[in-house]
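Written out below as structure tokens is the structure these notes cover.
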Amino acid sequence: MSEPNAAPGAANAAGAGQAVGQAGPPVVSVQEVTKEYRMGETIVHALRGVSLQVAAGELLAIMGPSGSGKSTLMHLMGCLDTPTAGQLFLDGVEVAGLDEERLAGIRNRKIGFVFQQFNLLARITVRENVMTPLMYGGAGPRERRERAEEALERVGLSDRLAHRPAELSGGQRQRVAIARALVTHPALILADEPTGALDTETGRAILELFAAICVEGKTVIVVTHDPQVAAFCGRRIRLRDGLMEE
Amino acid sequence: MFWENVRMALREFAGNRLRTFLSLLGIVIGIGSVISITTLGQSATASVQKQVAQGGLETIMVFSGRDAAKEVRRLFTVELGERLKSEVPGIREVSPVAQAGYYLKNGQDTYENATVLGVQASFPGIYSYQSSSGSFLSEEDGEKRRSVVVLGAEVASVLFPDEEALGRYVRIYRKGVARSFKVIGVMKEKTGTMGMDFDGSAFIPYETYSARLERLENVQRYAMGTAGGVDVLKVAEKVEEFFTKLTGNEDSFRVMSPSTIAEMFTNVTKTLNLFLTGVAAISLVVGGIGIMNIMLVSVAERTKEIGIRKALGASPKAIRGQFLTEAVTLTLVGGLVGMALGTALSFLATALLNWSFAPQAASYALAVACSSAVGIFFGLYPAARAARLQPVEALAFE
């Protein structure tokens, strides 16, 4: 169980990701985390003891073939699931033992998700989509509106506020998703194959947007199997059979 | 968040119109019945009271029981009317009444289904019924069993459209019976009440009725007028006592007065209300099950949406709130449609029955309460199921 990169709090990458090195505690700290599933009679060991530290401002790529455990790791870091064993700190908070009600709060305040299929809510407008996390965070209607419009301006979609997701192109939809992820000012953006449904050029633009977000001090973790996407990121880790190999 | 949930729910319904409509039918019928029941019940009571008040509060009727034994029925004599008058205080006039349907004919003009009433001279006094021309039957007409007739207003106008009726003869007939009667009077118009249709009737002496139209073994009905200023209900009780003592059996006669009719009507409305309340309750339960079903379908279909919302930070509580709000919004929409339908229906019914339309604020409050309660009760389980979904599994749902 080797740990080639155990450099807590350090932005040790300085590639195209333009990670800004900052002192202070890591945004994500994964310590000897394991995850097991029961599938009928057999127990699947999705993660067999993974440790990882991600600093503020880092753009990290998690790679690996399907079944390597990269999605599981992302779910754990995203507080969508809890580890079987090990410890997990997000922005300094231990999240491994929290109940669903508290995990929802952590997801709301500290994490922004970007998915391959955008996962926008189809029946509501672009602006309402971006306002949704703020609603769960308890912000008032006026504040929600203002901050949503701000976030949409940040991704260059100020002129699409009242559109429905179906009226937008793939790239635009992913920008809405990024605005939605950014709107709560989370410490961590988790992107699961964010360019998987986009053409190369649009995908590139999305990655550049991530890089710019990192410059502002946010941490972006991209799960991908696309080497070109990974190459864009400042730091890469690779998972295989539930173990990390950097 | 509440209003967002309501808005989202409405958008969800707008996106699934047919399904929403079908799932709401039970609630619509249930709430529609609640509104119709209460409105119609109230209107019916109001109109009966009005009718009773119109119909001479001062009259009492006694019917001989159909099932009474022959010896008992023999006690119902014409002379008993005189005894009633003298023995029961408060009774001013009594007349035996015999009644049957006949054809009336004058030359080419026929009045079908006329009610021929055999009565005594006291009859108009009981009902404050006035002559328009000629005079009513006299005691002598009865004693001498004269073939004379007094016509109700409508009968007179049909049989004698252009000519004077007085002094002319009409034929009263039906299968096997045909008699000629001389018209001695025509009555003024009077609205019918308590089973008495004045304008469509022809009046002949009671004794003549028995002698010439149909042999009467006993009196089937006594009509009584009470003295001014007495309590009719008390007099009706006295009459009841009188007949109970006479026959020794409460079932061998029936006393009817405006109050007993009102009471009977109240009982009928009560029974009807009970029945319709049952219908409402059943359709609300069935409707609620429909709501639960559609909410379960909705939760299953929107598993992905629930996953997304959870990823964005929706707590189980927030998801439960969303789906519960959706269920209640759904049933409230059904409730509103039901209220509109129930109001329209009861308005139509009251218009047709010529009753006063009296919608009740309380019944609308009840309808809103019922539909919300159904939404909460049957929305809880689907909402809890949505709240319990695992984020990872929900997100992976396609």
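The values are calculated or read from the model by the stated rules, or taken from the named source; none is laboratory data. Being a predicted model, the structure only gives us computed values, none of them experimental. Every residue, glycine among them, receives a Cβ derived from its backbone with ideal geometry; neighbour counts consider all protein chains shown.
Under the condition of being touching a helix residue (DSSP H, G or I) at 6+ places or on another chain (Cβ under 7 Å) and either within 14 Å of chain A (Cβ to nearest Cβ) or surrounded by fewer than 23 Cβ atoms within 10 Å (Cβ to Cβ) (or both), which residue from region B:11-24 is nearest to residue B:277 (Cα to Cα)? Among residues in region B:11-24 that are touching a helix residue (DSSP H, G or I) at 6+ places or on another chain (Cβ under 7 Å) and either within 14 Å of chain A (Cβ to nearest Cβ) or surrounded by fewer than 23 Cβ atoms within 10 Å (Cβ to Cβ) (or both), the one nearest to residue B:277 (Cα to Cα) is B:20. Filtering region B:124-148 to residues that are within 20 Å of residue B:82 (Cα to Cα) and either in contact with a His (Cβ under 6 Å, 6 or more places away or on another chain) or basic (Lys, Arg) (or both) leaves B:144, B:145.
Yes/no matrix, rows are residues, columns are (1) part of a strand (DSSP E or B); (2) out of contact with any Phe, Trp or Tyr (no Cβ under 6 Å at 6 or more places or on another chain):
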{"residue": "B:105", "(1), (2)": "yes, yes"}
{"residue": "B:113", "(1), (2)": "yes, yes"}
{"residue": "B:146", "(1), (2)": "no, yes"}
{"residue": "B:157", "(1), (2)": "no, yes"}
{"residue": "B:165", "(1), (2)": "no, yes"}
{"residue": "B:180", "(1), (2)": "yes, no"}
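The numbered conditions (1) without any contact (Cβ under 8 Å) to a residue 12 or more places away in the chain; (2) over 32 Å from the mean Cα position of the chain (by Cα); (3) closer than 16 Å to residue B:253 by Cα are all true for residue B:80 except (1).
Only one entry of B:25, B:18 meets the criterion of being more than 30 Å from residue B:201 (Cα to Cα) and free of Cβ contacts under 8 Å to residues at least 40 places away in the same chain, and that entry is B:18. Just name the residue that is farthest from residue B:160 (Cα to Cα) out of those in region B:124-144 that are part of a loop (DSSP other than H, G, I, E, B) and not hydroxyl-bearing (Ser, Thr, Tyr). Ranking the candidates gives B:144 first.
Mind listing just one residue for me: the one in region A:16-61 that is in contact with a helix residue (DSSP H, G or I) (Cβ under 8 Å, 6 or more places away or on another chain) and at pLDDT below 90 and, of those, farthest from residue A:91 (Cα to Cα)? My answer is A:16. Taking the condition of being under 34 Å from the mean Cα position of the chain (by Cα) and buried (at least 18 other Cβ atoms within 10 Å of the Cβ), how many residues in region B:137-157 meet it? Of the residues in that region, 5 qualify.
Here residue B:73 does not fit the description of being basic (Lys, Arg), surrounded by fewer than 19 Cβ atoms within 10 Å (Cβ to Cβ), touching a residue at least 60 places away in the same chain (Cβ under 8 Å) and within 22 Å of residue B:222 (Cβ to Cβ).
If the condition is being more than 7 Å from chain B (Cβ to nearest Cβ) and surrounded by fewer than 23 Cβ atoms within 10 Å (Cβ to Cβ), then region A:125-139 contributes A:125, A:127, A:128, A:138, A:139.
On the given criteria, is residue B:222 aromatic (Phe, Trp, Tyr) and either assigned to a helix (DSSP H, G or I) or at pLDDT below 90 (or both)? Against the criterion (aromatic (Phe, Trp, Tyr) and either assigned to a helix (DSSP H, G or I) or at pLDDT below 90 (or both)), residue B:222 does not qualify.
Inspect region B:31-44 for any residue being touching a residue at least 24 places away in the same chain (Cβ under 8 Å) and within 19 Å of residue B:326 (Cβ to Cβ) and give the result as yes or no. Taking every residue of region B:31-44 in turn, at least one turns out to be touching a residue at least 24 places away in the same chain (Cβ under 8 Å) and within 19 Å of residue B:326 (Cβ to Cβ).
May I ask you to verify whether residue B:321 is within 14 Å of chain A (Cβ to nearest Cβ), touching a Pro at 6+ places or on another chain (Cβ under 9 Å) and over 21 Å from residue B:30 (Cβ atoms)? Here the answer is no, as residue B:321 does not meet what is asked. Taken as a whole, region B:377-386 holds at least one residue that is more than 14 Å from every other protein chain (Cβ to nearest Cβ) and closer than 30 Å to residue B:41 by Cα. For region B:308-323, the tally of residues that are of a type in the set (Lys, Arg) and surrounded by fewer than 24 Cβ atoms within 10 Å (Cβ to Cβ) stands at 2. So, residue B:84, is that one outside any helix (DSSP H, G or I) and not polar (S, T, N, Q) or not? When the stated conditions are applied, residue B:84 does not pass them. Every listed requirement among (1) more than 14 Å from chain B (Cβ to nearest Cβ); (2) more than 18 Å from the chain's Cα centre (by Cα) is met by residue A:175 save one, (2). Looking only at residues in region B:299-318 that are facing chain A (nearest Cβ under 7 Å), assigned to a helix (DSSP H, G or I) and among the aliphatic types (A, V, I, L, M), the one that is farthest from the chain's Cα centre (by Cα) is B:311. Residues that are farther than 15 Å from residue A:59 by Cβ, within 20 Å of the chain's Cα centre (by Cα) and away from chain B (no Cβ under 14 Å) occur in region A:213-230; there is at least one.
Just one of the listed residues (A:73, A:80) is within 14 Å of chain B (Cβ to nearest Cβ) and part of a helix (DSSP H, G or I), namely A:73. Evaluation of residue A:197 against the conditions (1) assigned to a loop (DSSP other than H, G, I, E, B); (2) under 28 Å from residue B:3 (Cα atoms) shows that the sole unmet condition is (2). Just so you know, in region A:148-172 the residues that are away from every other protein chain (no Cβ under 14 Å) and among the charged types (D, E, K, R) include one that is surrounded by the fewest Cβ atoms within 10 Å (Cβ to Cβ), and it is A:159. Would you please name the residue that is surrounded by the fewest Cβ atoms within 10 Å (Cβ to Cβ), looking only at residues in region A:97-111 that are touching a residue at least 40 places away in the same chain (Cβ under 8 Å) and either at the interface with chain B (Cβ under 9 Å from one of its Cβ atoms) or among the hydrophobic types (A, V, I, L, M, F, W, C) (or both)? If we take residues in region A:97-111 being touching a residue at least 40 places away in the same chain (Cβ under 8 Å) and either at the interface with chain B (Cβ under 9 Å from one of its Cβ atoms) or among the hydrophobic types (A, V, I, L, M, F, W, C) (or both), then A:109 is surrounded by the fewest Cβ atoms within 10 Å (Cβ to Cβ).
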